[in-house]
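Chemist: First the structure, which I've put down as C-alpha cells, then a few questions once you've had a look.
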Amino acid sequence: MFALIRVRWLVGLRPARCAVKARTVSSARVRGTARHDRVHPQLNLISKAGHWLRCDQYLEAIGRPRGVEVSESPAILQRSSLRKAARAHRIGGMSELHDECGIVAVYHLPAAPRSPLCPDPGPEQVSRLLPRMLLDIQNRGQLSAGITTFHPDRDQLIDTYKEIGTVNEVFRLSHRADADRLMEEYAGRAGIGHVRYATCGADDRSYAQPFERHHLQKNKWFSFAFNGQLANYQQLRQRLLSDGDHHLARETDTEIIMHEISRELSGDRRPEPIEVVRNVAQRFDGAYSMVFLNARGEMLVARDPLGIKPLCYAFDGSLFAAASESVALLNLGFAAENIKSLAPGHAITIVDGQVHIESFAASPRRAHCFFEWIYFANVASTLDNRSVYLSRTALGAELARLEVADGRVPLDKDTIVVPVPDTSKAAADSMAYELGIPAREGLIRNRYTGRTFIEGVSGRRKKAETKYTPLREVLEGKRIFLVEDSIVRSTTMRVLLDRIRALGKAREIHVRVACPPIVAPCFYGIDMSRVDELFAPAFVKDGTLTEAIQAEMARNLGADSLRYLPVASVARAINLPAAELCQACLTGEYPTPCGQQLYQLALADIGQQGATPRTYERLRDLAPAT
Ligand code: SF4
C-alpha cells in the first residue's frame, strides 16, 4: 500500500509558480511539505485511492525512530520530529556508502555554428541535455536533483528548478508532456545541474542544489553546485558568524561556499569568475568539484587542488559540457578521445563567449579518491585516464592471485564465485576467470526498493533483507567465494551471510573483499565520519592485517573465511602511483590539514557515549580559519 502513496502540496516559494503537484512520496518530500507555510495544516498526504495518510502512519511506514513524538493530530506533528524521522529513515538506507553528489554543466557558445549534439529545439535550449546527464550520474546521489539555466531574453536571466527525488521524479521523465513543459520553462543556452546525497545538512528541498543567489547586479546574481565536502566547514562558518552581524540559515557547507563567493563579489569591483575561485580556494580545505553560472551568462567549472573528486569535460565545436563522470559525456555523443579529466587546481571559464582553461591554485600533489574506481563511479566511466571497469577487473585478478597463493579453498566443481550485485560484478567475474571456476548470479538484487516505503520494513537490517534474494538453484551445496567491493559497517554483509545460508543452503561461504579494510572516516564527502560506525577498526588495531585477524573477523561476521586485499593492491589495480591517491580511510593519512585534525578528533571519540554523529561538526572546537 505504501509504495503507492502519493503526496500533494502547494509549492509556495514563488507565487508565480504556485501549483498543485503530485509525485511519488519520499521522506524528504514530506519534510519539505512541513516546511512550507502555505501547506494545508493537515499535511496533504493522500493514497492513490484518495485516502489520507496521516503523519503518524507515515512514521510507522518508515519505521518510527526512537525519540520521535507523534501527537494524535497529524497537524501538530512537530517539524523537529519530522526531521528526526527522516534522518532516521536516511540512516537506515540500504547501501552502506553514499557519495555526496554529482555535477554537470553544458554551454552552447553564442554566435557559433550549431553543434550536431545540440537537441532539436536548437542552441537556445541546450539545457534540455541536463536531465539526461544527471541520469547518467544518478549513482552519485538520489536524494534531490536540480538545474540552473541561463537565457539572456528571459526575465529570470538565471533560473533554478530543484526538488527532492530522483532525476526521473524531479524532471517528470516518465510523463512526456510534464517533462517537456519543464524543459520549455527552463530553456537556456547554458546550464548547470546537480544530484545530491547528503553527508552534511538536512534532507529537505532547501538543501538541494544548485544554490542560486539573486541580486540586482548581473555579476552578483549567480548559482553554483558542488561535489565534495569542505573539511574546514565549521571553521569557515564560525568565521562568517564571528562579527555577530551575519546569520546562516542552514547547516551545510554549500551555504558557506555561497557566502564566500558573495563576499568576493561585494563592492564595486567586478572580478571575473576565475579571480573569485582563486581567492576562495585559499580558504577552502577539502574536496570541491564545482560548476558556477551567473546572470551575465558566465560559466566556471573548477576542480579542487588535490583533485579528490572527479570532473570530466569535452568540447564538440561550439558545445561544451562537463560532468562528474565521463559516462555522462559519452552518452551525449562526445567522442571518447575528446573527453578529458580536468587537472586538479584548474578551472574552465566561459566569459564573453571565450573559453579558457587555467590554473586557479597550486596543486602540489594529487589525491584522487580511490573509492571512485572501486565503488562509487559508474562502471562505464573513465576517470583521470583510468577505466573504472578495468580497475575493478584488476582488483578481481589480485583476489585470484591471493587465493592461488593460499590454496586452502579447493577450486573444484563445487566452488563458485558469487558477486554482491552490482558494483562487485566486474571484480567477481575477473576473479572467477583467473581461477578457472564459474561466476554465478547467486544473489538477485531488487533494484526498486531503494527509496520506497514497504510495509513492515524498517531499520537497516530489514531493508538489506528486502534488497537481496539468494537463489537456492545456484547456491545449494556449493562452496562460495562471495565477492564484495567493500565492508563499511558490515550490516549488509551479515544479512547476506545469514540469507545465503538459510535460504540459499550454501555449504561454505568465503568472503573476499576487493578492497582493504576501511579503518578511518572520510571527511571529503563520503557518508562515514566516525570510527565507531566502521566494522574493521575494532579488529585492525595498528594497521596490520594478519591471517589471525581476518579469521577473527570472519568468525564475527559468520563467514567460513574472510580475505581483504592489501593496501598496495589498490594503486596497482587503478594503475596510478599511491602518492596520487587519497587512501585516508585505509591508512589514516589525510591529504589536507583539516582532514588530519578531524581524524584526531574521531580517534578521541572512539567509545565515547554521546559523541557527535559526524566528526566534522566538532571542528569548531579547533582554531578558527584564517
Ligand atoms: S577518505 Fe576514503 S572515501 Fe574519503 S576521499 Fe579519501 S579515499 Fe575517498
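Chemist: Would the range 238-246 turn up any residue that is farther than 26 Å from Asp155 by Cα, surrounded by fewer than 24 Cβ atoms within 10 Å (Cβ to Cβ) and of a type in the set (Lys, Arg)?
Modeler: Taking every residue of the range 238-246 in turn, at least one turns out to be farther than 26 Å from Asp155 by Cα, surrounded by fewer than 24 Cβ atoms within 10 Å (Cβ to Cβ) and of a type in the set (Lys, Arg).
Chemist: Okay, moving on. Have a look at Val474, Val488 and point out the one that is within 16 Å of the ligand (Cβ to nearest atom) and either surrounded by fewer than 20 Cβ atoms within 10 Å (Cβ to Cβ) or part of a loop (DSSP other than H, G, I, E, B) (or both).
Modeler: Going through Val474, Val488 in turn, just one is within 16 Å of the ligand (Cβ to nearest atom) and either surrounded by fewer than 20 Cβ atoms within 10 Å (Cβ to Cβ) or part of a loop (DSSP other than H, G, I, E, B) (or both): Val488.
Chemist: Another question, if that's okay. Hey, does the range 391-399 have a residue that's assigned to a loop (DSSP other than H, G, I, E, B) and touching a helix residue (DSSP H, G or I) at 6+ places or on another chain (Cβ under 6 Å)?
Modeler: Checking the range 391-399: not a single residue is assigned to a loop (DSSP other than H, G, I, E, B) and touching a helix residue (DSSP H, G or I) at 6+ places or on another chain (Cβ under 6 Å).
Chemist: Right, another one. Does Ala347 count as of a type in the set (Gly, Ala, Ser), surrounded by 20 or more Cβ atoms within 10 Å (Cβ to Cβ) and under 23 Å from Lys309 (Cα atoms)?
Modeler: The answer is yes for Ala347.
Chemist: Sticking with this one: Of the residues Arg512, Arg479, which single one is farther than 18 Å from Lys425 by Cβ, modelled with pLDDT of 95 or more and assigned by TED's automatic domain parsing to the domain that holds Ile444?
Modeler: Arg479
Chemist: Can you tell me which residue among Leu240, Leu329, Leu236 is in a helix (DSSP H, G or I), of a type in the set (A, V, I, L, M) and out of contact with any strand residue (DSSP E or B) (no Cβ under 9 Å at 6 or more places or on another chain)?
Modeler: Within the list Leu240, Leu329, Leu236, the selection yields Leu240.
Chemist: Can I ask one more? Can you tell me which residue within the range 491-501, out of those that are hydrophobic (A, V, I, L, M, F, W, C) and touching a residue at least 40 places away in the same chain (Cβ under 8 Å), is nearest to the ligand (Cβ to nearest atom)?
Modeler: By that ranking, first place goes to Met493.
Chemist: Residue check: is Asn331 more than 19 Å from Gly188 (Cβ to Cβ), more than 16 Å from the ligand (Cβ to nearest atom) and either in contact with a Cys (Cβ under 8 Å, 6 or more places away or on another chain) or not β-branched (Val, Ile, Thr) (or both)?
Modeler: Here the answer is yes, as Asn331 does meet what is asked.
Chemist: Being touching a helix residue (DSSP H, G or I) at 6+ places or on another chain (Cβ under 9 Å) and either farther than 22 Å from Gly442 by Cβ or within 16 Å of the ligand (Cβ to nearest atom) (or both) narrows it down to one residue among Ile416, Ile348, Ile374, Ile357; which is it?
Modeler: Ile374
Chemist: Please determine whether any residue of the range 566-576 is in the same structural domain as Arg512 (by TED's automatic domain parsing) and farther than 23 Å from Val483 by Cβ.
Modeler: Within the range 566-576 (the criterion being in the same structural domain as Arg512 (by TED's automatic domain parsing) and farther than 23 Å from Val483 by Cβ), the answer is no, since none of the residues qualifies.
Chemist: So the check is Cβ under 8 Å with 6+ separation or different chains; which pairs have a first residue in the range 334-346 that's at pLDDT 95 or above and a second one that's among the charged types (D, E, K, R) and surrounded by fewer than 20 Cβ atoms within 10 Å (Cβ to Cβ)?
Modeler: Short answer, once both residue conditions are applied: Phe334/Asp316; Ala335/Asp316; Asn338/Asp316; His346/Glu358.
Chemist: Need a quick list: helices (runs of 4 or more DSSP H) entirely within the range 502-591 having at least 3 residues that are within 11 Å of the ligand (Cβ to nearest atom).
Modeler: 584-587
Chemist: Same structure, new question: Output the number of residues of the range 332-375 satisfying the condition of being of a type in the set (D, E, K, R) and within 30 Å of Pro421 (Cβ to Cβ).
Modeler: Residues meeting the conditions: 1.
Chemist: Among the residues of the range 592-605, which ones are touching a Leu at 6+ places or on another chain (Cβ under 8 Å), within 11 Å of the ligand (Cβ to nearest atom) and either not in a loop (DSSP other than H, G, I, E, B) or not assigned by TED's automatic domain parsing to the domain that holds Ala506 (or both)?
Modeler: Within the range 592-605, Leu598 is the sole residue that qualifies.
The values are calculated or read from the model by the stated rules, or taken from the named source; none is laboratory data. Please read these numbers as outputs of a predicted model, since none were measured by experiment. So basically every Cβ, Gly included, is an ideal-geometry build from the backbone, and we count neighbours across all protein chains shown.
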